[in-house]
1. Among the residues of segment 278-293, are any closer than 23 Å to LEU232 by Cα and either touching a residue at least 12 places away in the same chain (Cβ under 8 Å) or open to solvent by 10 Å² or more (accessible area, probe 1.4 Å) (or both)?
2. Can you tell me which residue is nearest to PHE559 (Cα to Cα) among those in segment 337-358 that are in a loop (DSSP other than H, G, I, E, B) and open to solvent by less than 60 Å² (accessible area, probe 1.4 Å)?
3. For LEU53, are the conditions met, namely being touching a strand residue (DSSP E or B) at 6+ places or on another chain (Cβ under 6 Å) and not hydroxyl-bearing (Ser, Thr, Tyr)?
4. Only one residue in GLU656, GLU632 is within 22 Å of LYS567 (Cβ to Cβ), loosely packed, with under 12 Cβ neighbours inside 10 Å and either in contact with a strand residue (DSSP E or B) (Cβ under 6 Å, 6 or more places away or on another chain) or not small (Gly, Ala, Ser) (or both), so which one is that?
5. With among the hydroxyl-bearing types (Ser, Thr, Tyr) and more than 30 Å from ARG612 (Cβ to Cβ) as the only criterion, which of THR162, THR198, THR183 stands out?
6. Can you confirm whether GLU188 is surrounded by 20 or more Cβ atoms within 10 Å (Cβ to Cβ) and either under 21 Å from PHE496 (Cβ atoms) or of a type outside the set (Ser, Thr, Tyr) (or both)?
7. Quickly run through segment 499-558 and pick out the residues that are touching a helix residue (DSSP H, G or I) at 6+ places or on another chain (Cβ under 6 Å) and either aromatic (Phe, Trp, Tyr) or under 26 Å from ASP124 (Cβ atoms) (or both).
8. Cβ-Cβ under 7 Å, sequence separation 6+ or interchain: first residue in segment 165-188 and under 18 Å from LYS257 (Cβ atoms), partner open to solvent by less than 10 Å² (accessible area, probe 1.4 Å) and part of a helix (DSSP H, G or I). Which pairs?
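The values are calculated or read from the model by the stated rules, or taken from the named source; none is laboratory data. Fair warning: this is a prediction, and the values are worked out from it, not measured in the lab. As a convention, Cβ positions derive from the backbone with ideal geometry for all residues, glycine included, and neighbour counts pool all protein chains shown. All accessible areas refer to the heavy atoms of the entire protein, side chains included, with ligands and DNA or RNA removed. Shrake-Rupley method; radii C 1.70, N 1.55, O 1.52, S 1.80 Å.
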Amino acid sequence: MDIKNLLNSMTLQEKIGELCLTGSSKDRVLNGISIGKYGSVLNHIGKDHINELQSAALNNNKKIPLLVGDDVIHGYRSVFPVPIGLACTFDLDLIEKLVHMSTEEASTEGINWIYSPMLDLTHDPRWGRIMETAGEDPYYSSLVGERFVKGIQTPLKDGRITAACAKHFIGYGAVEAGLDYNTTDYSEHRLNKLYVPTFKKAIDTGVMSVMNAFTTYNGEAVTGSKRLLKDLLRDELNFKGVVVTDWACIEQLKEHKQFKDDYDACINSIKLGLDIDMHSDVYYRYLEEAVEKNPELLKYIDESVLRVLEMKEKMHLFEHPYVLENAYEVLTKENRNLCLQGAKESIILLKNDDILPLNNKDKVLFVGPFVEEKDSHLGAWSCKGRPEYVTSVYEALKDVPNTFFYPTKFDLSDIDYNILEEQIKLVDKVVLCLGEPRYMNGENNNRLYLDLPFNQENLVDFVNRFNKKVVTFVFAGRTLILDSLQEKVNSLVFSFNMGIEAGNAAKEVLYGEYNPSGKTVVTFPKTFGQIPIYYNRLTTGRSDIKHYVDGTMDPLYPFGYGLHYGKLNILSSNVVMNDKLEVTLSLENNSNYDIEEVVQIYLSIPYYKYLRPIKELIGFEKVKVEKATTKELKLTIDLNTFLPNDIDNNIKLGIEIGFDSSNTIKNSIVYKG
């Protein structure tokens with residue numbers, strides 16, 4: 001199809017319609033499509049319904065199919081771990097498989113545009129949307145984002161492509177006080193080093209669309225920022241695709257008090273290349289009038305419409321506008337098994353005084369709100385996931401010999417402590433299943449306190465009165481303050497919301513059917529006052545004397561941390577610099593368990609004209625070492641990817657090797673440029 005000829009044949013009203021996206025009700029949206037008011041919709045699903053909407057669009061004069069968007073963030077119906085949990089697997093191939101599976105499922109109900117990946121980074125776990133991130137490291141988050149883009153945009157069976165949408169451009173995770181939609185204010189240096197890399201990687205990977213952030217930069221709303229939307233996104237990052245606003249962002253420019261009314265906001269937005277107006281109808285209401293008064297605006301409209309039409313063509317929407325028939329099924333055994341793999345690889349063993357794994361001979365009591373809970377395992381943004389799809393901890397464990405159960409409400413108000421005491425006295429070990437309900441996580445669900453909610457730690461205190469071995473499994477959507485808890489229990493297991501196979505994943509890890517391999521992708525603070533805390537802080541002066549007078553600067557658990565049943569040792573390591581950095585090491589497993597370990601490589605630069613992180617992740621590999629064996633491993637890393645172009649020749653660089661960011665073997669190499 002000749003897209004430019006199509007563009008030239010369109011009336012102004014038809015062009016404006018292509019730039020309008022709505023989430024309105026069925027009847028309203030169907031009428032709007034029939035008159036050419038909308039070129040894209042969201043929050044509409046179902047094969048018959050979407051085919052009806054597409055038919056209405058194709059009955060128009062220009063026969064342009066619709067974009068049908070949805071937030072398929074971590075599964076469609078087969079829900080897998082939230083993105084931050086999925087990132088804890090350090091299994092990029094698995095991540096891509098899971099994301100593509102969700103894209104296949106979404107296609108069965110007409111979704112052809114997915115608002116993912118979320119590429120924001122944050123250092124504040126109060127923020128509810130931390131669960132959508134891939135952690136605090138820009139390099140690793142970039143790799144995860146790349147796999148999300150590939151998983152979404154890999155062609156479906158008939159060749160059609162679902163478009164990915166990288167969001168939220170840019171710096172959204174820097175909201176002050178962890179409060180969603182709040183002011184974000186950061187330096188150009190932080191912008192380029194922390195927030196740009198994830199988007200650059202997605203754009204280089206070919207992401208078809210980008211969504212702007214609700215927030216602010218350098219005294220402007222992102223929605224109104226030429227520096228970000230034109231200079232950075234279009235010119236420096238060379239993004240040629242579609243930019244869509246987040247929900248009603250153009251309309252919200254009035255609330256930012258950057259423009260006096262929607263008319264002025266409309267003109268500025270189209271000039272900045274905000275191609276699609278999500279649900280504010282500002283373009284529909286004002287663009288035609290604006291062109292009549294300012295004919296030069298037609299150039300910007302044509303540029304935006306052309307980008308939208310080109311994306312639809314790349315997706316093969318003109319060839320395949322209707323829902324693909326009988327190509328994929330949802331909630332299949334294969335899909336559930338894939339979700340299970342993602343869930344169990346995401347679980348992090350934080351502490352173990354050799355009482356895990358459990359065995360069938362021990363009498364074990366499972367207590368707490370997550371014994372029978374289903375809904376919260378879905379996590380925020382669970383799309384079309386339903387509690388009835390979820391396997392609970394109880395359902396997974398009920399047939400295991402010598403297991404007993406005492407489920408509670410989240411607020412523990414239904415506990416009969418006399419009955420609970422009798423049950424505790426009859427068993428050898430107690431597993432407390434505690435955590436956050438999912439309504440505490442996700443967009444605009446921010447927290448002032450980061451301890452276990454509803455005083456759940458009091459239940460730990462009660463159980464400890466009976467001198468039993470105690471395991472606590474925490475299920476959450478963010479990092480929590482766990483210092484007091486970890487001191488009270490023998491073993492501590494943590495997972496971010498795991499999805500529909502949460503119960504089975506918990507069972508496999510607790511009973512040793514799967515050796516935990518998850519790693520933290522965010523630093524766990526010891527106390528609330530340490531926030532923001534992250535491993536890759538910039539270097540500072542007086543680093544030898546800065547301190548808290550009433551506590552430590554050390555985290556509770558560093559980035560990249562996670563234990564296993566058994567332990568690997570690094571017998572030897574060597575670092576050499578040829579064309580690329582080559583790291584070789586010998587790993588020894590003297591335990592009775594096969595172990596999957598994430599070997600991590602960090603770089604530190606002794607000096608440079610601009611501040612650098614104390615250390616930064618530059619490579620990793622998840623490797624399986626069978627029990628009672630040794631294994632040789634070699635990693636090759638292109639250091640030029642991480643070094644400034646004008647770094648001094650013959651500079652001595654620090655190279656650290658370890659199983660987390662804190663406990664490392666230190667090496668050095670001379671870099672000759």
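1. Yes, there is a match, as at least one residue in segment 278-293 is closer than 23 Å to LEU232 by Cα and either touching a residue at least 12 places away in the same chain (Cβ under 8 Å) or open to solvent by 10 Å² or more (accessible area, probe 1.4 Å) (or both).
2. Residue satisfying both the conditions and the ranking: ILE347.
3. Considered against the rule, which asks whether it is touching a strand residue (DSSP E or B) at 6+ places or on another chain (Cβ under 6 Å) and not hydroxyl-bearing (Ser, Thr, Tyr), LEU53 comes out as no.
4. GLU632
5. THR162
6. No.
7. Of everything in segment 499-558, those that are touching a helix residue (DSSP H, G or I) at 6+ places or on another chain (Cβ under 6 Å) and either aromatic (Phe, Trp, Tyr) or under 26 Å from ASP124 (Cβ atoms) (or both) turn out to be GLY499, ALA502, TYR514, GLY518, VAL521, LYS526, LEU556.
8. Qualifying pairs under 7 Å: THR184/TYR172.
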